[in-house]
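**Q** Let me begin by handing over the structure; questions about it come next.
Derivation of every value follows stated rules applied to the coordinates shown; laboratory data play no part. Fair warning: this is a prediction, and the values are worked out from it, not measured in the lab. Cβ: placed from backbone, ideal geometry, glycine included. Neighbour counts: every protein chain shown.
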Amino acid sequence: MKKIRPCLALLLFFIGGATFAQTDLQPAAIVKLTKTEPITVKQLKAEIDQIEKQGGRKLSAEERRQILDVMINERLAIQAAERDKITVAETEINQQIQQLRAGLAQRLGRQPTDGEFATAVRNETGLDLPAFREQLRRQLIAQKYLLSKKETLLKSIKIPTEAEILNTYTLNKTKFVRPETVGLSMIMVPYVSSGSGAPSKTQAKEQAERLIREIGTSPAKFDEAAVKGQGNNAGYRSGGGYLPRNLEAQQQVGQELMSIAFGLKQGEVSRLVEGPTAFYIVKVIETHEQKNLALDDIFQLGSAMTVRDYIGNAMLQERQQAILKQASDELIQELRRGNPFQVMEANLNW
C-alpha cells in the first residue's frame with residue numbers, strides 16, 4: 001500500500017485539477033436569442049476580477065449577479081444586431097481609438113507612443129489593446145442597435161435654453177472661480193528607477209544639468225532647447241500648459257515645482273527642479289490672477305469654451321444620459337421578453 005499511495009495522490013491531484021478546469025468551463029448562463037451562446041464561469045470570473053481590481057475591493061454576491069446580467073444583456077443586444085445585419089467597420093473602431101489617443105495627448109502635452117497608449121489602456125481597463133479593440137467593437141455594435149431601435153426617443157432630447165443656462169449659472173455662481181494660474185513652457189528629462197532601455201536617474205540628471213548650464217536664465221536659449229525637445233532624438237521632451245494654484249495640481253506636479261512656478265515673473269526661466277519621474281526646467285509665459293467667471297468668460301484656459309458653453313454642454317449631457325438609460329432599459333426589457341436566456345444557478349456558487 002505504501003507504494004500505491006504516491007500514485008493515488010498524484011491521480012487525485014489531476015482529477016482535482018480537471019474538476020476545477022471543468023467547473024470554470026461550465027456555463028454561468030446561456031443566451032439563445034438567435035443562437036446558443038454560453039457565458040462560461042471563467043468569463044464571468046475574469047470580468048469580476050477586472051472590476052474588483054479597478055475598484056480595490058471584493059464584490060458581493062448581488063453585485064456579481066448584476067455583472068452577469070450586464071453580460072447577458074450585451075450578448076442579447078449583439079445577437080439582435082447580428083440578426084438585423086448591424087455591423088461596425090474597422091474605420092469606426094480606429095476613429096474611436098484616435099479620439100482616445102488625442103485625449104491622452106492632451107494630458108501629456110504631446111503625442112503618446114504606441115507603447116504608452118497600450119499601457120494607458122491596460123491601466124484603465126485591464127485589457128491588452130487587441131482585447132480592448134474587440135470590447136470597443138461590441139460596444140459600438142450595441143450602441144448602433146440601440147440608436148436604430150430607439151431613434152424617436154433619442155431625438156426627443158431638448159437642448160437647454162438660455163433661461164435654463166442662466167438659472168443654473170446663478171444658482172452655482174460661487175463655484176465658477178478660476179484660481180490663480182500660470183501658463184508654462186516646460187522641458188522634461190524623464191527617468192526611471194530601473195528598466196532596460198530607459199535612462200537612469202543619474203543619466204537623466206547629467207543631461208538635465210547640461211541643459212540648465214546651456215540655458216542659464218536666458219529665455220531665448222530656453223526656447224531653442226524647447227524646440228529641439230519636440231524632436232524624437234533629443235533625449236528629452238518639451239511641452240506646455242496651464243498650472244492652476246490648487247491642491248489637485250500640486251499633488252500632480254509636487255510642492256517644489258508649484259512654488260517655483262508661481263514665484264517666477266512672466267518670461268523668467270526656473271532653475272532645475274527634480275520631480276518624481278523627471279527633471280524639469282520651466283518658463284512662465286502667462287500669468288492669470290484668481291477670477292470670478294462670468295457667463296462669457298473662458299471656462300478653461302487654452303480652450304475656446306465659455307462658462308455658458310460648459311453649463312449648456314453639462315446640462316445636455318445629463319439629459320442625454322437620462323434618455324439613454326431609459327432607452328436602454330426599454331430595449332433590454334424587449335430583448336428579455338420570452339426569457340431567451342438561462343442562468344445556471346448551480347454553477348454560481350464559488
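**Q** Under 13 Å from the Cβ of TYR169, count the other residues' Cβ atoms, weight Lys and Arg +1, Asp and Glu -1, and hand me the total.
**A** Counting the neighbours of TYR169, the net charge comes to -2.
**Q** Still on this model: Efficiency by 1/(1 + (r/R0)^6): what FRET value for GLU345 and THR91, r their Cβ-Cβ distance, R0 = 35 Å, to the nearest 0.05?
**A** For R0 = 35 Å, the calculated efficiency reads 0.25.
**Q** Please report, in debye to the nearest 20, how large the charge dipole of region 177-292 is about its Cα centre when each Lys and Arg carries +1 at its beta carbon and each Asp and Glu carries -1 there. Write down the numbers at each step before the final one.
**A** Values: 13 positive and 12 negative charges, 23 e Å.
Dipole about the Cα centre, nearest 20: 100 debye.
**Q** Right, next: Given Cβ point charges of +1 (Lys, Arg) and -1 (Asp, Glu) and nothing else, what value in debye, to the nearest 20, does the dipole of the chain about its Cα centre take?
**A** So the dipole magnitude of the chain works out to roughly 960 debye.
**Q** Take the alpha-carbon centre of region 36-75, take the same for region 285-350, and report the distance between them in whole Å.
**A** For region 36-75 versus region 285-350, the Cα centre distance is 23 Å.
**Q** Can you find, among LEU348, LEU272, ASN167, the residue farthest towards the positive end of the dipole of the chain? Put +1 on the C-beta of Lys and Arg, -1 on that of Asp and Glu.
**A** LEU348
**Q** Could you give each residue of region 217-230 its phi-based ³J(HN,Hα) in whole Hz, using Karplus coefficients 6.51, -1.76, 1.60 with θ = phi - 60°, and x for Gly or Pro?
**A** Here the 3J(HN,Hα) series is 10, 7, x, 5, 5, 4, 4, 4, 5, 5, 4, 4, x, 7 Hz.
**Q** Can you give the helix-only mean residue ellipticity at 222 nm for the chain, where every DSSP H stretch with n ≥ 4 adds -39500 (n - 2.57) and the sum goes over all residues, rounded to the nearest 500 deg cm²/dmol?
**A** My calculation for the chain gives -18500 deg cm²/dmol from helical runs alone.
**Q** If you don't mind, another one. List nothing, just return the count: lysine pairs in region 177-292, 8 or more apart or interchain, with Cα separation under 25 Å.
**A** The result is 13.
**Q** Can you return the lysines within cross-link range of LYS32? Criterion is Cα-Cα under 26 Å, with same-chain partners fewer than 8 residues away left out.
**A** Leaving aside lysines fewer than 8 places away in the same chain, those within reach of LYS32 are LYS42, LYS45, LYS85, LYS144, LYS149, LYS150, LYS325.
**Q** List every residue whose amide H lies under 5 Å from the amide H of ALA278, counting only residues 5 or more places away in sequence or on a different chain, with H placed 1.01 Å from N in the peptide plane.
**A** So ALA278 has HN proximity to TYR191.
**Q** So who's got an amide H within less than 5 Å of the one on MET344, skipping anything under 5 residues away but keeping other chains? H placed 1.01 Å off N, in plane.
**A** Excluding prolines and chain starts, which carry no amide H, the hits are ALA29, ILE30.
**Q** Can you figure out the FRET efficiency of GLU289 with ALA322, using R₀ = 35 Å and their beta-carbon distance, to the nearest 0.05?
**A** 0.35
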